[in-house]
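Have a look at the structure below before the remarks.
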Amino acid sequence: MAWSSFPFPLCVETKGLSAVHQRERLRHELAFRRLRVSETSQISAHLRRVRLVGDDLAGFTAPGPSDHVKLFLPDANGQIIAPLVADDGSLQRPEGTPTTRDYTPRAVDTDAAGVPVAIDIDFVLHEGGPATEWARRATPGDEIVVAGPRGSKLAPTAPGRVALVADPSAFPAFVRWVEALSQPTVIDAVIWNAAAADAEYFDESVRARLASLQWVSEASGDAGLLDAVRSLELAEGAFVWAAGEAQALIAVRRLLREQPQLDRADIDVSGYWKRGVIALDHHAPLDPSDPE
Ligand SMILES: Cc1cc2nc3c(=O)[nH]c(=O)nc-3n(C[C@H](O)[C@H](O)[C@H](O)COP(=O)(O)OP(=O)(O)OC[C@H]3O[C@@H](n4cnc5c(N)ncnc54)[C@H](O)[C@@H]3O)c2cc1C
């Protein structure tokens, strides 16, 4: 399986986001791709992989470790309400309210010529929502529309030490981060809110790259997560990425931002879902009391 590094994005901005690390940003052409399921597999107790294929994959690229796509799901009648980009480039919006959720493209499979032929999306099977239900029932031939990614933010170049903090919704991005960080970067990991049976999500090549792994049991809750983050070795120049349940991450973000040795631009914390909230808008500030 190879990560595609093409096509060239529409435009490239390189921002010196931080005094310590640089992260290149890429913009991609807006596309709504109608794809079909080719196979499904159970990766661990609560994570199900759905492989999507189709001619519309041409041009798909997602080089950033925490890139995301928007899935347009079928309604109860099997209809997918999703926009179309017309030949003249204009956006055509159909009537009705689409059902959408955000997911990480875990992998892009390419052919010998580098053309994308399949993407894998790994779904947490939680108590329920339209995306979870779709993934639970997905069978070969089922259709879905995939939009994006609109942009990519690449991993920082050559950080000395990185801490990755993830719950199961962020496992696909976590593994992509590990793959994106080459030696000699030292990686410390905190996994929280995950069942022990989901440990098999991480194969040996991922485990071998981790200098430390703290597995915070579900019973330890948000306090256990905070203790684990507090115990991380976060020297000057460290970079931290954290993603998962939004409420729990507010305290994590505050704790990290209190560390004088860390540059704020080197703290990347994203809420991927929120207890009791349907389709969390992850563009809204994680911590409304400290939105910047
Ligand atoms: C950038 C980004 C990338 C993401 N990547 C992934 C990914 O690769 N894989 C993945 O599984 N998720 C991922 N997510 C999270 C996913 O978008 C949400 O979990 C989404 O809400 C699931 O939709 P749903 O229809 O199943 O549930 P919803 O209809 O949105 O929610 C129904 C109920 O389920 C709860 N709920 C939602 N998600 C979870 C969860 N993970 N665990 C427990 N309860 C939950 C909600 O609080 C709500 O009460 C990502 C989110 C973002 C913002």
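Couple of notes before you dig in:
- Test result for V206, of a type in the set (V, I, T), closer than 29 Å to G129 by Cα, more than 16 Å from the chain's Cα centre (by Cα) and not assigned by TED's automatic domain parsing to the domain that holds T132: no
- Conditions (1) surrounded by 22 or more Cβ atoms within 10 Å (Cβ to Cβ); (2) modelled with pLDDT under 95: number failed by V50: (2)
- Among all positions in segment 126-149, there is at least one residue which is under 24 Å from V252 (Cα atoms) and either of a type outside the set (D, E, K, R) or not in a strand (DSSP E or B) (or both).
- Positions within segment 92-119 being assigned to a loop (DSSP other than H, G, I, E, B), of a type in the set (S, T, N, Q) and within 13 Å of the ligand (Cβ to nearest atom), in sequence order: T104
- Breaking point among (1) open to solvent by less than 20 Å² (accessible area, probe 1.4 Å); (2) outside any strand (DSSP E or B); (3) assigned by TED's automatic domain parsing to the domain that holds Q42; (4) not hydrophobic (A, V, I, L, M, F, W, C), for D122: (2)
- Scanning segment 157-170 for residues that are open to solvent by less than 10 Å² (accessible area, probe 1.4 Å) and away from the ligand (no atom under 13 Å from the Cβ), we see that the one that is farthest from V252 (Cα to Cα) is P159.
- Single match in E179, E143, E127 (criterion: free of Cβ contacts under 8 Å to residues at least 24 places away in the same chain, open to solvent by 20 Å² or more (accessible area, probe 1.4 Å) and out of contact with any Asp or Glu (no Cβ under 6 Å at 6 or more places or on another chain)): E127
- Segment 278-292 - residue that is more than 9 Å from the ligand (Cβ to nearest atom) and charged (D, E, K, R) and, of those, most open to solvent (accessible area, probe 1.4 Å): E292
- Residue list for segment 171-200, restricted to those being within 15 Å of the ligand (Cβ to nearest atom), within 30 Å of L57 (Cβ to Cβ) and not acidic (D, E): F171, P172, A173, F174, V175, R176, W177, V178
The values are calculated or read from the model by the stated rules, or taken from the named source; none is laboratory data. Note that the coordinates shown come from a computational prediction; the quantities given were computed from them, not determined experimentally. We place every Cβ from the backbone using ideal geometry, glycine too, and count neighbours over all the protein chains shown. Calculation scope for accessible area: heavy atoms of the full protein, side chains included, ligands and nucleic acids excluded. Shrake-Rupley method; radii C 1.70, N 1.55, O 1.52, S 1.80 Å.
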